[in-house]
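Below is one structure, written out as structure tokens; the observations come after it.
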Amino acid sequence: MKKMLGIMIGALVVFAMVGCSSTRENEGGTTASDVTVKDIMVSIKAQIVQDIKDAGFDDGQSDEDILQGYMETNLVDITTDDVLGQMFFERTGLDKELLAEGSMIISAFNVNADEIIVLKAKDAKSVDTLKASLQKELDAQIQTWERYLPEQYEKVKKNVLKTKGNYILYVTYDNVDAVEKIFDEEVK
């Protein structure tokens, strides 16, 4: 009888844990497999707009007008006339076939090192290869900015390059902590 009671209690504990974990996952929002790179980038662009407004560069412009100082590229659907995307692939050696999704937003001005890239690998084994390609991008940024503009070089030195599941974040930006927080909150 004691053995049967122990088995029943054990079964109840397992069922309770399984029920709680699935509830917690659903209450927390999307799971890592549900969030899109596009969704993450929408949140990041909202942060960029807020940072620009907080810096006092808001003349009543729309968010779209504020973002005109940045260029965005979908790294999966690169066309032959997308010079920015083509240069990025040449510089990094990134294998487009390893990407499920990918997006990059950079400053449109060559006096600003801002560059934010979010990638989603097709599978877990591709993550390290994609991250290594982004390390090449960081190395290129370091070479460019250490000789060009010292204040931008300081920004590059604070770059964040991290992975979470099949997602990879690359950030060179003044408010790198805010962008990293968005990534961490959206990729669960």
* Structure fact -> So, with points 7 Å from each Cα along the Cβ direction, the residue 64-residue 78 label distance in nm works out to 2.8
* To do: Can you tell me the order of 76-83, 119-126 when each peptide is scored by its average per-residue count of other Cβ atoms within 10 angstrom, highest first?
  => 119-126, 76-83
* Asked: In terms of Cα to Cα distance under 12 Å, which aspartates and glutamates are near enough to residue 162, apart from those fewer than 8 places away along the same chain?
  -> 128, 180, 184
* Between residue 36 and residue 71, how many nm apart are label points set 7 Å from Cα along the C-beta direction? -> 2.4
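Too long at a 23 Å Cα-Cα cut-off: which of 96/181; 96/136; 96/155? Each step should come with its number before you reach the end.
Values: 96/181 26 Å; 96/136 15 Å; 96/155 27 Å.
Result: 96/181; 96/155 exceed 23 Å.
On full extension of the chain, what length is gained from residue 109 through residue 86, given 0.36 nm per residue of separation minus the C-alpha to C-alpha distance?
Values: separation 23, 0.36 × 23 = 8.28 nm, distance 1.80 nm.
Additional length available on full extension: 6.5 nm.
Would you mind getting me the FRET efficiency between residue 151 and residue 177? Use the beta-carbon distance for r and R0 = 22 Å, nearest 0.05. Let's see the in-between values first.
Details: r = 18 Å, r/R0 = 0.82.
That pair, residue 151 with residue 177, gives E of 0.75.
The numbers here are math on the coordinates, done by the rules we state, and not lab data. A quick note: this is a predicted structure, and the numbers were derived from the prediction, not measured. Reconstructed Cβ throughout: ideal geometry from the backbone, glycine too, with neighbour counts over all protein chains shown.
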